[in-house]
Amino acid sequence: MKKLFIISPCAFTRKGFSNLELHEKMSDVEIINVESYEEVVAHIEMKAPPSGPALIIVDMTIRLRTFRTRQLANVWNLRRMMYTNPKLRKIPCVLFGIKEQSRLTLLHWISSDNSIESLIGRIDNIYKKHEEYSSSNGIMQKGLEKRQRMLLELLMKGYSIQKLSVKMHTCPHSLFYSRDCLIAKLGLYDRYDFIALSEELIL
């Protein structure tokens, strides 16, 4: 039995994916709805190994900043866990949404504009090329460097670049650059996402 983990805070998205089980091509797929990467990891660690291939889909269609940054934290933490967890590393992770609206363009995506038939076809293709997706997607992510971690924690507390330059004895231009690198690395939309991200654990 194949497994499909859907990470989404949206009840409509979860319901939509659950309904895919009604289609013939998805009859051998168990759809598991979760809201965080921890639930996926717990399921993989506690349950017996899946008898068939597994797939993780992260819903990136959410627009509300709080939930959007939570999903970005889930993606980052999954990437960090894959770096150290061999079980998780074998499971392809795909983002569901509009690739062009995200900074995470190097990861695998399934377009939310697809028809049901196209969506099922894409999922079916990933299962068929399971090893290829899990070995070549480059999703694994090293942790933040010490200086990046310190800067992230201060930005999440609401520090401005001007205050940070005084606190860290660094010129503002250098901090602006480092902040923008963090935004790109974490897939954030803008600097205001740091405050919303403060509620999340970043591995």
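Values quoted throughout were computed directly from the atomic coordinates according to the rules given, and no laboratory measurement underlies them. Note that the structure is a prediction, hence the values are computed from the model and not measured. Reconstructed Cβ throughout: ideal geometry from the backbone, glycine too, with neighbour counts over all protein chains shown.
Counting only Cβ charges, +1 for Lys and Arg and -1 for Asp and Glu, the dipole size of the stretch 1-151 around its Cα centre is about 800 debye. Rounded to whole numbers, the Karplus 3J(HN,Hα) couplings from phi for the stretch 115-127 are 6, 4, 5, 5, 4, 5, x, 5, 4, 4, 5, 5, 4 Hz, using 6.51 cos²θ - 1.76 cosθ + 1.60 with θ = phi - 60°, and x at Gly and Pro.
Applying the Karplus relation 6.51 cos²θ - 1.76 cosθ + 1.60 with θ = phi - 60° to the stretch 194-200 yields 3J(HN,Hα) values of 4, 5, 5, 6, 5, 7, 10 Hz, where x marks Gly and Pro.
Each peptide in 24-33, 192-201, 53-62, 5-14 receives the mean, over its residues, of other Cβ atoms within 10 Å, and ordering these scores from highest gives 53-62, 5-14, 192-201, 24-33. Compute the relative contact order of the stretch 146-197 as a whole-number percentage, counting only Cα pairs closer than 8 Å that sit 6 or more residues apart in sequence. Normalised by residue count, the contact order of the stretch 146-197 is 44 percent. Just so you know, the Cα atoms of the stretch 30-94 work out to an Rg and Dmax of 12.1, 37 Å. Coupling constants for the stretch 10-25 follow from the phi torsions by the Karplus curve (6.51 cos²θ - 1.76 cosθ + 1.60, θ = phi - 60°), and in residue order they are 8, 5, 5, 5, 4, 5, x, 5, 4, 5, 5, 4, 6, 8, 4, 5 Hz; glycine and proline get x. In summary, the aspartates and glutamates within cross-link reach of LYS185, defined as a Cα separation below 19 angstrom excluding same-chain residues under 8 places away, comprise ASP59, GLU100, GLU145, GLU153, ASP193, GLU199, GLU200. Amide hydrogen proximity for TRP109: with H placed 1.01 Å from N in the peptide plane, the residues at 5 or more positions away or on another chain lying under 5 Å are LEU95.
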